[in-house]
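The values are calculated or read from the model by the stated rules, or taken from the named source; none is laboratory data. Values in this document were obtained by computation on a predicted structure and should not be read as measured data. Note: ideal-geometry Cβ built from the backbone for every residue, glycine included; neighbour counts use all protein chains shown. We work out accessible area using only protein heavy atoms, side chains counted, and drop any ligands, DNA or RNA first. Shrake-Rupley method; radii C 1.70, N 1.55, O 1.52, S 1.80 Å.
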Amino acid sequence: MKTQTRVVVIGGGIAGCSTLYHLTQEGWTDVVLVERNELTSGTTWHSAAQVTNFGMTQTMVGLKSHSIRLYKELAEDPEYPINYHHADGGIRLANTERVMEGYRHFASMAKGMDVDFEVIDAAECARRHPLISTDNLIGGLWDPLDGDIDPAQLCQALARRARKAGAEVYRNTPVIGLTQHQDDSWTVHTTHGDIRCEIVVNACGYRVNEVGAMMGVHHPVASMEHQYFLTEEIPAIREAGHRMPLLRCPISDYYCRQEKFGLLVGFYEQGCKTWGMDGIDPNFVNALCPDDLDRVTDVLEGAFARMPALTEVGIHTVVNGPITYTIDGAPLVGPIPGKRNGFCIIGLRAGLGEGGGHGWLLAQQIVHGEACYDTWVIDPRRFTGHANVELTALKAVEDYQNEFRFHFPHEHRPAGRPMKTTPLTPILAAEGAEFGTVNGWERVAYIKPAPDFHETHSFRFTEAFDVVAAEVKAVQEGVGLTEVNGFNRIEITGPGARDWLDRMVCGRIPRKEGKVGLGYLLNHHGCVKAEATLANLDEGTIWYGSAAASEYHDMDWLTAHLPKDGSVKLRSLTNDWTILVLAGPKAREVLQAASRGDWSAAAFPWLSVRRAFVGIAPAVVMSVSFSGELAYEIHVPNASLYAAYLALRRAGEAHGLRLFGSYAVESMRLEKGYLHWKADLVTEFTPFETGLDRFVAMAKPDFTGKPALERMVAAGARRAFVSLVLDCTHAPAHGGDSIIHEGRAVGTVTSAGWGHRIGRNIAMGFVESGFAAPGTRLSVEVIGAPVAAEVVEGCLYDPENVRVRA
Ligand SMILES: Cc1cc2nc3c(=O)[nH]c(=O)nc-3n(C[C@H](O)[C@H](O)[C@H](O)COP(=O)(O)OP(=O)(O)OC[C@H]3O[C@@H](n4cnc5c(N)ncnc54)[C@H](O)[C@@H]3O)c2cc1C
């Protein structure tokens, strides 16, 4: 066994084998995989091993397409062919028009990744899958490339290719400890000796937290028991003359695929069970949980009704095994928060279908620092301090119960809520607030007009449309107040702070005390990594503020680039402070009435920052605006939040102050052309391609990503960021929708919604460079149907910023 290598991948299921293989593909061949037993002896060996192309984001669709391409190539390898039923096809069923609309949206989104889904009616579903009844069925989504694979052969094939390229695989070699050294390298302690390496990868399936504990972290991953059974032969399958497509049924929560001439039927029952919460027997190897078909009788009835043939055949095998879940159902693939040179590929609940793609994206991240797609949807840093084992278990159960029921826009499911709150949360709830969650924080979406008001989540405009219109009007004409909790806030101090920040940010940073500016941080590929509000507070203190979701991500990036001499210090204030946003033409009068000092435009112009008291609450006030109206961000410690809120409410009484929420903010920021991190700001594009030219100072001698950005600029822009107005009023576009020119997808929507002040349906997105000129006529697929659209200037409301400067 080697004692020194570059990467040690721990775990020999699909996750580990795929990572090892792809590391060699990316050119790193001095890599090792260690497995405590035999390859595939965790969950992988007993997987139903269906391989599907469906995903809810382009990254997921893209990585699954990679799996499919790779598995096909492996299956056709004459030296080591493997069993892969490629392109049997698959159907996701629907019994409501709302779900069908979702499928139309997803089909449009997949088109941008060159994947052709098809939305079909009930009769067509039955024609393609002759065993199903069309009772209570409207139609479904057809995924032509679905299939299934032999999981053990797949892992062996990947390990074999990796070995051929120079990688080594050590079986029956449990990892028993991990030590990290001063230089961030690791020693992996195994029962057969130690291996020193630069990087470790946790790919340990349901034992993820045993290995996590060895490096002092807890991963938000919980296991569920999951069952399927195999039937005896069904004559109709043999008679059909073609293989049965896969089936996914969100109506009765089951799936099935053909196995020999019978069916494999798997269940997502409501009475589901977590597994291994109090530790896992070390001897649970190549093992299963006891059969428990009683648990799935509710689901079985639905499956029998949909597929009557199931009632006529016997069951010959039941498989019940642990399957891992995370808080939002997507896996954790990427850097482990707070651990330098530690990566993970864990929480895979569809690891056979996705594993090829996840290993591919992880290997790219390890070798190049970034993958070809923006990987935020699978980034382990998207969960932060709230993501403990209890919450993960609650969310895992909820997710399992809703396995095939995708989230509608703005849908935030109830399990484990409230997660993170501030002292204002119950106060705002009493005022009628409806909440959504951002990085676990309960954030006001809108104020309900009546206690029994209910929004039906949909891909169309909802009942909340008029509520939001009224909130926007109040902000536009008078003054509104909202809480933006969880905003990421890092205090930067130290003698080297300013110069260091100047190197991290690609544009100019506010050098004068009392000034605020927007800065963009690039990765080493010259593409957009982070966005920050930079406030030069007072002598030696800069506040770095960014989206709530970026808490661990940005801290990781900044920490990784700190100078070694200790001249710059970072301190997170994220969980201790909150923002009250006061916005509208009367905002100044309200602030002036609540806070001593001169708040006039002359004394405190746009883009200023100052320490002050709001009522009796200590505060940091910034004159910045995401709404396009005169606005103040009032940052207050949580302990003083209620006091500040009361002071502003009292001062606002004379001015008709009204509460508003994030839906109204979203509408207004779209009109201003302001961008959202990880919707519009992604690692796939440079700041120039993202339309951020004015935030880049190429004249600066140096900044992170500059050499790569120069190369990218020389090579020419690949895409351009545009705003569009759409010619329809029934629905907004949604992130992922295709932008079409003469029948061809030439771009993708990143975010969209109704602009209530301008009365237009707005979409933003990236298009091929030739389609970016204002006035260009395109169409955007809204719920799958083309709608005429026109490229417009990015800022559609008060482009001169007269209102924010007022
Ligand atoms: C019943 C069932 C049906 C499923 N059907 C499908 C399906 O149809 N399609 C699909 O895509 N997915 C399906 N899945 C999910 C899929 O099987 C898993 O996502 C996938 O197998 C997980 O692979 P993994 O490599 O992450 O974990 P595992 O396969 O569990 O591999 C982890 C490996 O790490 C090793 N390990 C653990 N600790 C250590 C240590 N200390 N030192 C060294 N090695 C260690 C283990 O021995 C194990 O081999 C199904 C799962 C179940 C339970």
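Key figures for this structure:
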read-out	value
Strands (runs of 3 or more DSSP E) contained in region 226-297 and holding at least 1 residues open to solvent by 50 Å² or more (accessible area, probe 1.4 Å)	254-259
Candidates T19, T52 - the one that is open to solvent by less than 20 Å² (accessible area, probe 1.4 Å), within 12 Å of the ligand (Cβ to nearest atom), modelled with pLDDT of 95 or more and within 30 Å of T456 (Cβ to Cβ)	T52
Any pair with Cβ under 7 angstrom, 6 or more apart, that starts in region 646-657 at a residue that is aliphatic (A, V, I, L, M) and ends at one that is in a loop (DSSP other than H, G, I, E, B) and buried (at least 16 other Cβ atoms within 10 Å of the Cβ)	L646/G615; A647/G615; L657/V479
Matching option when the condition is of a type in the set (D, E, K, R), within 15 Å of the ligand (Cβ to nearest atom), more than 29 Å from the chain's Cα centre (by Cα) and farther than 27 Å from Y206 by Cα, among D88, D77	D88
Failed item in (1) assigned to a loop (DSSP other than H, G, I, E, B); (2) more than 19 Å from V285 (Cβ to Cβ); (3) over 33 Å from the mean Cα position of the chain (by Cα); (4) not small (G, A, S), with N172 passing the rest	(2)
Exclusive hit being out of contact with any Gly (no Cβ under 7 Å at 6 or more places or on another chain) and more than 14 Å from the ligand (Cβ to nearest atom), set A236, A213, A222	A236
Checklist (1) free of Cβ contacts under 8 Å to residues at least 60 places away in the same chain; (2) under 27 Å from the mean Cα position of the chain (by Cα) applied to V468, failing item	(1)
From I366, I346, residue being more than 11 Å from the ligand (Cβ to nearest atom), of a type in the set (V, I, T) and buried (at least 23 other Cβ atoms within 10 Å of the Cβ)	I366
Top-ranked residue of region 623-636 - restricted to ones that are touching a helix residue (DSSP H, G or I) at 6+ places or on another chain (Cβ under 9 Å) and not small (G, A, S), ranked as nearest to W577 (Cα to Cα)	V636
Leading residue by the ranking (least open to solvent (accessible area, probe 1.4 Å)) among those in region 185-210 that are in a loop (DSSP other than H, G, I, E, B) and more than 10 Å from the ligand (Cβ to nearest atom)	S185
Selection status of T317, under 16 Å from the mean Cα position of the chain (by Cα), within 13 Å of the ligand (Cβ to nearest atom), at pLDDT 95 or above and of a type in the set (S, T, N, Q)	no
Exclusive hit being open to solvent by less than 10 Å² (accessible area, probe 1.4 Å) and part of a loop (DSSP other than H, G, I, E, B), set T574, T578	T574
Cross-chain or 6+ apart pairs with Cβ under 8 Å, region 314-331 first and closer than 16 Å to E225 by Cα and among the aromatic types (F, W, Y), then in a strand (DSSP E or B) and more than 7 Å from the ligand (Cβ to nearest atom)	Y325/A222; Y325/S223; Y325/M224
